[in-house]
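> Before we start, here is the structure in question, set down as C-alpha coordinates.
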Amino acid sequence: MILTGKAKLAGVLGWPVGHSRSPRLHGFWLQQHGIDGAYLPLAVKPEDFEAVIRALPRMGFRGANVTVPHKEAALALADHVDPLARRIGAVNTLVVRDDGSLEGRNTDAFGFIENLRQGCPGFSAARGPAVVLGAGGAARAVVAALQDDGCPEIRLLNRSRERAEALKADLETVVMPGGNITVLPWDSRAAALNDAALLVNTTSLGMTGQPPLEISLAALPTDALVTDIVYAPLLTDLLRAAQSRGNPIVDGLGMLLHQARPGFEAWFGVSPKVTDELRTFVGEL
Ligand code: ATR
(Lines give C-alpha, C1' and ligand atoms only; values in the text may rest on other atoms or scores of the structure.)
Protein backbone atom coordinates (compact mmCIF):
# COMPACT_ATOMS: atom_id res chain seq x y z
CA MET A 1 0.00 0.00 0.00
CA ILE A 2 1.44 3.36 -1.03
CA LEU A 3 0.62 6.19 1.38
CA THR A 4 0.35 9.90 0.64
CA GLY A 5 1.29 12.69 3.03
CA LYS A 6 -2.37 12.88 4.06
CA ALA A 7 -2.66 9.25 5.11
CA LYS A 8 -4.86 8.56 8.15
CA LEU A 9 -3.00 6.80 10.95
CA ALA A 10 -4.07 4.40 13.70
CA GLY A 11 -2.60 1.35 15.41
CA VAL A 12 -2.71 -1.05 18.33
CA LEU A 13 -0.83 -0.43 21.58
CA GLY A 14 0.18 -3.57 23.44
CA TRP A 15 3.07 -5.23 25.25
CA PRO A 16 3.89 -7.52 23.66
CA VAL A 17 1.98 -6.79 20.48
CA GLY A 18 3.46 -9.34 18.09
CA HIS A 19 0.57 -11.78 18.57
CA SER A 20 -2.10 -9.18 17.71
CA ARG A 21 -4.27 -9.92 14.67
CA SER A 22 -5.57 -6.34 14.56
CA PRO A 23 -3.02 -5.00 12.01
CA ARG A 24 -4.01 -7.78 9.61
CA LEU A 25 -7.70 -7.17 10.26
CA HIS A 26 -7.61 -3.40 9.78
CA GLY A 27 -5.15 -3.79 6.91
CA PHE A 28 -7.67 -5.97 5.10
CA TRP A 29 -10.38 -3.31 5.41
CA LEU A 30 -8.03 -0.46 4.44
CA GLN A 31 -7.11 -2.30 1.27
CA GLN A 32 -10.68 -3.39 0.55
CA HIS A 33 -11.91 0.21 0.73
CA GLY A 34 -8.85 1.71 -0.98
CA ILE A 35 -8.23 4.04 1.96
CA ASP A 36 -5.14 6.20 2.17
CA GLY A 37 -4.31 5.07 5.69
CA ALA A 38 -2.28 2.71 7.86
CA TYR A 39 -2.83 0.69 11.02
CA LEU A 40 0.39 -0.19 12.85
CA PRO A 41 1.43 -2.59 15.60
CA LEU A 42 2.86 -0.37 18.37
CA ALA A 43 4.86 -2.25 21.01
CA VAL A 44 4.69 0.00 24.07
CA LYS A 45 5.99 -0.87 27.54
CA PRO A 46 3.69 -0.13 30.49
CA GLU A 47 6.03 2.61 31.78
CA ASP A 48 5.88 4.38 28.40
CA PHE A 49 2.15 4.07 27.84
CA GLU A 50 1.11 7.49 29.12
CA ALA A 51 3.78 9.34 27.14
CA VAL A 52 2.85 7.43 24.00
CA ILE A 53 -0.89 8.08 24.16
CA ARG A 54 -0.28 11.77 24.91
CA ALA A 55 1.90 11.87 21.80
CA LEU A 56 -0.70 10.24 19.51
CA PRO A 57 -2.67 13.45 18.78
CA ARG A 58 0.57 15.42 18.41
CA MET A 59 1.78 12.94 15.80
CA GLY A 60 -1.45 13.21 13.86
CA PHE A 61 -2.87 9.80 14.80
CA ARG A 62 -6.65 9.42 14.54
CA GLY A 63 -6.59 7.02 17.47
CA ALA A 64 -5.62 3.48 18.45
CA ASN A 65 -6.75 0.20 19.86
CA VAL A 66 -5.46 -0.70 23.28
CA THR A 67 -4.74 -4.26 24.31
CA VAL A 68 -3.11 -6.18 27.16
CA PRO A 69 -1.77 -4.87 29.54
CA HIS A 70 -2.89 -1.27 28.90
CA LYS A 71 -6.70 -1.38 28.95
CA GLU A 72 -7.10 -0.20 32.55
CA ALA A 73 -4.42 2.49 32.16
CA ALA A 74 -6.22 3.77 29.07
CA LEU A 75 -9.39 4.12 31.13
CA ALA A 76 -7.54 6.12 33.76
CA LEU A 77 -5.75 8.38 31.26
CA ALA A 78 -8.37 9.13 28.58
CA ASP A 79 -9.74 12.69 28.71
CA HIS A 80 -13.30 11.49 28.08
CA VAL A 81 -14.54 7.99 28.86
CA ASP A 82 -17.83 6.65 27.59
CA PRO A 83 -20.16 5.25 30.28
CA LEU A 84 -19.98 1.68 28.98
CA ALA A 85 -16.16 1.65 29.12
CA ARG A 86 -16.33 2.99 32.67
CA ARG A 87 -18.80 0.29 33.65
CA ILE A 88 -16.64 -2.47 32.11
CA GLY A 89 -13.53 -0.92 33.68
CA ALA A 90 -11.42 -0.93 30.52
CA VAL A 91 -10.82 1.06 27.34
CA ASN A 92 -9.92 -0.82 24.14
CA THR A 93 -10.43 2.00 21.63
CA LEU A 94 -9.03 5.55 21.71
CA VAL A 95 -10.35 8.21 19.35
CA VAL A 96 -8.58 11.55 18.95
CA ARG A 97 -11.16 14.34 18.94
CA ASP A 98 -10.84 17.48 16.80
CA ASP A 99 -9.51 19.44 19.81
CA GLY A 100 -6.74 16.85 20.31
CA SER A 101 -8.28 15.28 23.40
CA LEU A 102 -8.55 11.50 23.79
CA GLU A 103 -11.88 9.74 23.93
CA GLY A 104 -11.88 6.24 25.48
CA ARG A 105 -14.43 3.63 24.44
CA ASN A 106 -14.97 -0.08 24.95
CA THR A 107 -16.19 -1.97 21.89
CA ASP A 108 -15.82 -5.52 23.26
CA ALA A 109 -19.44 -5.72 24.45
CA PHE A 110 -20.62 -4.54 21.02
CA GLY A 111 -18.34 -7.12 19.37
CA PHE A 112 -19.68 -9.92 21.55
CA ILE A 113 -23.36 -9.21 20.81
CA GLU A 114 -22.85 -8.45 17.12
CA ASN A 115 -21.00 -11.74 16.70
CA LEU A 116 -23.92 -13.66 18.23
CA ARG A 117 -26.42 -11.76 16.06
CA GLN A 118 -24.47 -12.53 12.91
CA GLY A 119 -23.79 -16.18 13.79
CA CYS A 120 -27.30 -16.86 15.12
CA PRO A 121 -29.77 -14.57 13.35
CA GLY A 122 -32.52 -13.29 15.64
CA PHE A 123 -30.44 -13.86 18.77
CA SER A 124 -31.53 -11.93 21.83
CA ALA A 125 -30.13 -12.29 25.34
CA ALA A 126 -33.67 -11.63 26.59
CA ARG A 127 -34.58 -15.20 25.59
CA GLY A 128 -33.46 -16.70 28.89
CA PRO A 129 -30.79 -17.28 31.53
CA ALA A 130 -27.13 -17.05 30.51
CA VAL A 131 -24.26 -18.98 32.08
CA VAL A 132 -20.95 -17.10 31.96
CA LEU A 133 -17.76 -19.00 32.81
CA GLY A 134 -14.91 -16.74 33.95
CA ALA A 135 -14.63 -13.32 35.58
CA GLY A 136 -11.62 -11.72 33.89
CA GLY A 137 -11.53 -8.71 31.58
CA ALA A 138 -13.43 -10.45 28.79
CA ALA A 139 -16.17 -11.55 31.18
CA ARG A 140 -16.81 -7.93 32.18
CA ALA A 141 -17.56 -6.95 28.61
CA VAL A 142 -19.70 -10.07 28.07
CA VAL A 143 -21.77 -9.49 31.23
CA ALA A 144 -22.30 -5.80 30.38
CA ALA A 145 -23.41 -6.79 26.87
CA LEU A 146 -25.87 -9.36 28.23
CA GLN A 147 -27.29 -6.84 30.71
CA ASP A 148 -27.78 -4.26 27.97
CA ASP A 149 -29.45 -6.82 25.70
CA GLY A 150 -32.04 -7.58 28.40
CA CYS A 151 -30.77 -10.91 29.77
CA PRO A 152 -33.15 -11.87 32.61
CA GLU A 153 -30.56 -13.81 34.67
CA ILE A 154 -26.78 -14.10 34.48
CA ARG A 155 -25.20 -17.05 36.28
CA LEU A 156 -21.55 -16.25 36.84
CA LEU A 157 -19.02 -18.96 37.72
CA ASN A 158 -15.30 -18.45 38.21
CA ARG A 159 -12.50 -20.53 39.69
CA SER A 160 -11.75 -17.70 42.15
CA ARG A 161 -15.15 -16.82 43.50
CA GLU A 162 -13.99 -13.42 44.86
CA ARG A 163 -13.29 -12.23 41.35
CA ALA A 164 -16.84 -13.15 40.31
CA GLU A 165 -18.22 -11.35 43.37
CA ALA A 166 -16.17 -8.27 42.48
CA LEU A 167 -17.47 -8.32 38.91
CA LYS A 168 -21.03 -8.58 40.20
CA ALA A 169 -20.49 -5.73 42.65
CA ASP A 170 -19.00 -3.48 39.96
CA LEU A 171 -21.59 -4.19 37.29
CA GLU A 172 -24.56 -4.05 39.60
CA THR A 173 -23.64 -0.64 41.01
CA VAL A 174 -25.37 0.65 37.90
CA VAL A 175 -29.04 -0.16 38.37
CA MET A 176 -30.48 -1.45 35.16
CA PRO A 177 -33.35 -3.70 34.18
CA GLY A 178 -32.27 -7.30 33.70
CA GLY A 179 -28.99 -6.83 35.50
CA ASN A 180 -29.40 -9.70 37.91
CA ILE A 181 -26.15 -11.56 38.36
CA THR A 182 -25.98 -14.71 40.50
CA VAL A 183 -22.54 -15.96 41.53
CA LEU A 184 -22.35 -19.76 41.71
CA PRO A 185 -19.49 -22.06 42.72
CA TRP A 186 -17.14 -23.12 39.89
CA ASP A 187 -17.79 -26.76 40.77
CA SER A 188 -21.52 -26.37 40.10
CA ARG A 189 -21.01 -25.52 36.42
CA ALA A 190 -22.73 -28.64 35.08
CA ALA A 191 -25.87 -28.01 37.18
CA ALA A 192 -25.89 -24.29 36.36
CA LEU A 193 -26.72 -25.15 32.75
CA ASN A 194 -30.24 -26.25 33.63
CA ASP A 195 -32.81 -24.07 31.71
CA ALA A 196 -30.05 -21.89 30.27
CA ALA A 197 -30.54 -20.24 26.89
CA LEU A 198 -26.88 -19.30 26.47
CA LEU A 199 -23.49 -20.64 27.61
CA VAL A 200 -20.39 -18.46 27.22
CA ASN A 201 -16.82 -19.48 28.00
CA THR A 202 -14.73 -16.39 28.76
CA THR A 203 -11.89 -18.27 30.45
CA SER A 204 -8.67 -19.20 28.70
CA LEU A 205 -9.46 -22.90 29.20
CA GLY A 206 -9.54 -24.79 25.90
CA MET A 207 -7.12 -22.39 24.20
CA THR A 208 -4.15 -23.95 22.43
CA GLY A 209 -1.50 -24.60 25.12
CA GLN A 210 -3.95 -24.16 28.03
CA PRO A 211 -5.73 -26.84 30.07
CA PRO A 212 -9.08 -28.13 28.75
CA LEU A 213 -12.41 -26.80 29.96
CA GLU A 214 -14.07 -29.67 31.77
CA ILE A 215 -17.83 -29.41 31.80
CA SER A 216 -20.70 -31.83 31.23
CA LEU A 217 -23.32 -30.34 28.93
CA ALA A 218 -25.96 -32.95 29.86
CA ALA A 219 -28.24 -30.43 31.65
CA LEU A 220 -28.08 -27.81 28.88
CA PRO A 221 -31.23 -27.55 26.72
CA THR A 222 -30.33 -28.54 23.16
CA ASP A 223 -31.62 -25.25 21.75
CA ALA A 224 -29.27 -23.18 23.97
CA LEU A 225 -26.62 -21.21 22.10
CA VAL A 226 -23.02 -22.04 23.04
CA THR A 227 -20.17 -19.62 22.38
CA ASP A 228 -16.50 -19.37 23.28
CA ILE A 229 -14.27 -16.32 23.55
CA VAL A 230 -11.35 -18.57 22.66
CA TYR A 231 -10.68 -18.58 18.90
CA ALA A 232 -7.45 -20.56 18.74
CA PRO A 233 -8.47 -23.25 17.94
CA LEU A 234 -11.54 -21.94 16.12
CA LEU A 235 -13.58 -25.01 17.03
CA THR A 236 -12.82 -25.55 20.72
CA ASP A 237 -13.64 -28.81 22.50
CA LEU A 238 -16.57 -26.99 24.12
CA LEU A 239 -18.00 -25.95 20.75
CA ARG A 240 -17.39 -29.38 19.30
CA ALA A 241 -19.19 -31.08 22.20
CA ALA A 242 -22.10 -28.63 21.94
CA GLN A 243 -22.38 -29.10 18.19
CA SER A 244 -22.37 -32.88 18.46
CA ARG A 245 -25.43 -32.82 20.74
CA GLY A 246 -27.28 -30.44 18.42
CA ASN A 247 -26.76 -27.05 20.12
CA PRO A 248 -26.27 -24.01 17.91
CA ILE A 249 -22.72 -22.64 18.27
CA VAL A 250 -20.88 -19.40 17.47
CA ASP A 251 -17.08 -19.30 17.55
CA GLY A 252 -15.00 -16.54 19.15
CA LEU A 253 -13.22 -15.13 16.11
CA GLY A 254 -16.23 -12.99 15.21
CA MET A 255 -16.05 -11.08 18.50
CA LEU A 256 -12.54 -9.92 17.59
CA LEU A 257 -13.71 -8.91 14.12
CA HIS A 258 -16.85 -7.09 15.22
CA GLN A 259 -15.19 -5.21 18.11
CA ALA A 260 -12.89 -3.64 15.51
CA ARG A 261 -15.72 -2.05 13.50
CA PRO A 262 -16.45 1.09 15.58
CA GLY A 263 -12.76 2.06 15.79
CA PHE A 264 -12.22 1.62 12.06
CA GLU A 265 -15.25 3.77 11.32
CA ALA A 266 -14.16 6.51 13.74
CA TRP A 267 -10.58 6.69 12.39
CA PHE A 268 -11.04 6.02 8.69
CA GLY A 269 -14.62 7.20 8.06
CA VAL A 270 -15.98 3.98 6.54
CA SER A 271 -18.25 1.44 8.23
CA PRO A 272 -16.62 -1.95 7.49
CA LYS A 273 -18.30 -5.36 7.19
CA VAL A 274 -17.43 -8.72 8.70
CA THR A 275 -17.51 -11.16 5.80
CA ASP A 276 -16.51 -14.81 5.33
CA GLU A 277 -13.51 -13.60 3.33
CA LEU A 278 -12.34 -11.51 6.30
CA ARG A 279 -12.91 -14.41 8.71
CA THR A 280 -10.74 -16.67 6.55
CA PHE A 281 -8.05 -14.02 6.14
CA VAL A 282 -7.76 -13.25 9.86
CA GLY A 283 -8.50 -16.79 11.04
CA GLU A 284 -5.82 -18.46 8.96
CA LEU A 285 -2.91 -16.94 10.91
P1 ATR B 1 -9.24 -12.07 30.00
O2 ATR B 1 -8.95 -10.61 30.03
O3 ATR B 1 -9.01 -12.70 28.65
O4 ATR B 1 -10.58 -12.40 30.54
P5 ATR B 1 -7.95 -12.81 32.48
O6 ATR B 1 -8.41 -11.53 33.08
O7 ATR B 1 -6.57 -13.27 32.74
O8 ATR B 1 -8.11 -12.77 30.91
O9 ATR B 1 -9.00 -13.95 32.91
C10 ATR B 1 -8.78 -15.31 32.65
C11 ATR B 1 -10.01 -16.12 33.10
O12 ATR B 1 -9.73 -17.51 32.89
C13 ATR B 1 -10.32 -15.96 34.57
O14 ATR B 1 -11.71 -16.11 34.77
C15 ATR B 1 -9.56 -17.14 35.17
O16 ATR B 1 -10.03 -17.59 36.43
P17 ATR B 1 -9.43 -16.93 37.80
O18 ATR B 1 -10.06 -15.58 37.94
O19 ATR B 1 -9.82 -17.87 38.86
O20 ATR B 1 -7.93 -16.86 37.60
C21 ATR B 1 -9.83 -18.20 34.13
N22 ATR B 1 -8.85 -19.29 34.20
C23 ATR B 1 -7.59 -19.29 33.75
N24 ATR B 1 -6.98 -20.49 33.98
C25 ATR B 1 -7.92 -21.26 34.62
C26 ATR B 1 -7.93 -22.61 35.13
N27 ATR B 1 -6.85 -23.39 35.03
N28 ATR B 1 -9.07 -23.05 35.69
C29 ATR B 1 -10.16 -22.27 35.79
N30 ATR B 1 -10.22 -20.99 35.33
C31 ATR B 1 -9.11 -20.49 34.74
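The values are calculated or read from the model by the stated rules, or taken from the named source; none is laboratory data. Because the structure is a prediction, the values reported are computed rather than measured. A quick note on method: Cβ atoms are made from the backbone with ideal geometry, for glycine too, and the neighbour counts reach across all protein chains shown. Quick note on the areas: whole protein, heavy atoms, side chains included, nothing else; ligands and nucleic acids left out. Shrake-Rupley method; radii C 1.70, N 1.55, O 1.52, S 1.80 Å.
> Tell me, what ³J(HN,Hα) does each residue in the range 256-271 have, in order and in whole Hz, if you take phi through Karplus 6.51 cos²θ - 1.76 cosθ + 1.60 with θ = phi - 60° and put x for Gly and Pro?
4, 5, 6, 5, 7, 4, x, x, 4, 5, 5, 7, 10, x, 10, 8
> If you scale each eigenvalue of the Cα gyration tensor by 5 and take the root, what three semi-axes come out for the range 1-97, rounded to whole angstrom and sorted largest first?
Equivalent-ellipsoid dimensions as semi-axes: 23, 14, 13 Å.
> Right, next: Given Cβ point charges of +1 (Lys, Arg) and -1 (Asp, Glu) and nothing else, what value in debye, to the nearest 20, does the dipole of the range 208-271 about its Cα centre take?
60
> If the cut-off is a Cα-Cα distance under 13 Å, which aspartates and glutamates reach K168, setting aside same-chain residues fewer than 8 apart in sequence?
E153
> Using the Cα centre of the chain as origin and beta-carbon charges of +1 (Lys, Arg) and -1 (Asp, Glu), tell me which of G111, V95, P83 is placed farthest towards the positive end of the dipole.
V95
> How high is the relative contact order of the range 72-165, given as a whole-number percent (alpha carbon pairs under 8 Å, six or more residues apart)?
Once divided by the residue count of the range 72-165, the mean separation gives 23 percent.
> Taking amide hydrogens as modeled 1.01 Å from N in the peptide plane, which residues meet the under 5 Å criterion relative to V81, leaving out close sequence neighbours?
G104
> Now a separate question. If each Cα of the range 96-225 is one equal point scatterer, what is log10 of I(q)/I(0) from the Debye formula at q = 0.11, 0.22 Å⁻¹?
Per q value, in the given order, log10 I(q)/I(0) is -0.40, -1.42.
> If contacts are Cα pairs under 8 angstrom and at least 6 residues apart, what is the relative contact order of the chain in percent?
The value is 15 percent.
> Take the Cα atoms of the chain, build their convex hull, and give its volume per residue in Å³.
129
> What is the set of long-range amide H partners of N92 at a cut-off below 5 Å, with H atoms built 1.01 Å from backbone N?
Result for N92 returns R105, N106, T107.
> Can you compute the charge dipole magnitude of the chain about its Cα centre, using +1 on each Lys and Arg Cβ and -1 on each Asp and Glu Cβ, nothing else charged? Give it in debye, rounded to the nearest 20.
With Lys and Arg at +1 and Asp and Glu at -1, about 320 debye.
> Sticking with this one: Which Cα, out of Q32, A51, H19, lies furthest along the positive dipole direction of the range 1-60 (beta carbon charges, K/R +1, D/E -1)?
Q32
> In deg cm²/dmol and to the nearest 500, what is the mean residue ellipticity at 222 nm of the chain if only DSSP H runs of at least 4 residues count, each as -39500 (n - 2.57), divided by the residue total?
-10000 deg cm²/dmol
> Hey, another quick one. I'd like the distance between the alpha-carbon centres of the range 81-96 and the range 1-29, rounded to an integer number of Å.
20
> Regarding the range 58-164, what whole-number volume in Å³ per residue does the convex hull of its Cα atoms give?
With only Cα atoms used, the range 58-164 gives 121 Å³ per residue.
> Oh, and also: Any idea what the relative contact order of the range 128-285 is, in percent, if you count C-alpha pairs under 8 Å spaced at least 6 apart?
18
> May I pose another question? Helix 161-171 against the longest principal axis of the chain: what's the angle in degrees, Cα atoms only, rounded to the nearest 10?
Here the helix axis deviates by roughly 60 degrees.
> Is the range 1-45 rounded, prolate or oblate when judged by the Cα gyration tensor, a ≥ b ≥ c being the square roots of its eigenvalues, rounded requiring a/c under 1.5 and prolate requiring a/b larger than b/c?
Taking the square roots of the gyration eigenvalues as a ≥ b ≥ c, the range 1-45 is oblate.
> Per the 1.4 Å probe, what fraction of the accessible area of the range 96-224, in percent, lies on carbon and sulfur atoms?
Carbon and sulfur: 51 percent of the exposed surface of the range 96-224.
> Moving on to the next point. Whole-Hz Karplus ³J(HN,Hα) for the range 237-251, in order, using 6.51 cos²θ - 1.76 cosθ + 1.60 and θ = phi - 60°, x for Gly and Pro?
4, 4, 5, 5, 5, 5, 4, 5, 9, x, 6, x, 10, 9, 7
> Further question on the same structure: Remind me, what semi-axes does the range 174-285 give for its equivalent ellipsoid, largest first in whole Å, using sqrt of 5 times each Cα gyration tensor eigenvalue?
28, 19, 13
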